[in-house]
Amino acid sequence: GVGQGRGDGDAKTITDAWDSLRAASAVTDPEAVGDEFQALFVGVGMSEVSLYASHYLGPQSGRPLAEIRATLATLGLARRPGSSEFEDHLSVELETMRMLVAGDAGRLPATIAEQRAFCERHLLPWVFDCCAAISASLLANYYRQAASFAGCFLALERDSFAID
């Protein structure tokens, strides 16, 4: 199931995950969400859960940060000056996918093949493990709902790319 991080990507599962995330968002105090983010993803000294691909892929997968930087350069993208997140951060990779799918400020959407290649190379090898780690954390409350939805959404993306 999605709580385990893999998700089956079906419409009912993603609808349920979206409804749960919306319900949690409607009643959650923004300060509490900020505190939860700090506890889960920043921590004191070391975070409870990592949002970086390098953490999940490890040395056996090569050099994930260098590889995503090379891919972004090929796509004509780079980290914004002043950004504190490395390119293998989940939010950066999801933003890159958004830009590949929708385009951005004078940039046309990427081809389906480019979208698939980025997703399969840079997100799918680790994102379900990350979502599972968030869901398994005793510190996660709001972000457990976000991880469940993210897992379902990316499983649906994975499955839709497999159809093409």
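The values are calculated or read from the model by the stated rules, or taken from the named source; none is laboratory data. These numbers were taken from a predicted model, which means no experiment stands behind them. A quick note on method: Cβ atoms are made from the backbone with ideal geometry, for glycine too, and the neighbour counts reach across all protein chains shown. Surface accessibility is based on the protein's heavy atoms, side chains included, excluding ligands, DNA and RNA. Shrake-Rupley method; radii C 1.70, N 1.55, O 1.52, S 1.80 Å.
If only residues of the stretch 83-117 that are open to solvent by less than 70 Å² (accessible area, probe 1.4 Å) and charged (D, E, K, R) are counted, the one that is farthest from Leu51 (Cα to Cα) is Asp104. Does Ser61 fit the bill of being hydroxyl-bearing (Ser, Thr, Tyr), under 27 Å from Val27 (Cα atoms) and touching a residue at least 24 places away in the same chain (Cβ under 8 Å)? Taking the combined requirement at face value, the residue does not satisfy it.
In the stretch 120-146, the residues that are within 17 Å of Glu157 (Cβ to Cβ) and in a helix (DSSP H, G or I) form Cβ pairs under 7 Å with partners that are modelled with pLDDT under 95 and among the basic types (Lys, Arg), at six or more places apart or across chains, as follows: Phe128/Arg6. The selection criterion, being open to solvent by 80 Å² or more (accessible area, probe 1.4 Å), on the phi < 0 side of the Ramachandran plot, free of Cβ contacts under 8 Å to residues at least 60 places away in the same chain and not charged (D, E, K, R), holds for Ala78.
Table: residues versus (1) at pLDDT 90 or above; (2) under 27 Å from Arg121 (Cβ atoms); (3) in a helix (DSSP H, G or I).
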site	(1), (2), (3)
Lys12	no, no, yes
Asp16	yes, no, yes
Ser25	yes, no, yes
Ala39	yes, no, yes
Val44	no, no, no
Ser50	yes, yes, no
Ala73	yes, yes, yes
Gly76	no, yes, no
Pro81	no, yes, no
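Within the stretch 43-75, the residues that satisfy the criterion of being open to solvent by 60 Å² or more (accessible area, probe 1.4 Å) and charged (D, E, K, R) are Glu48, Arg63, Arg69.
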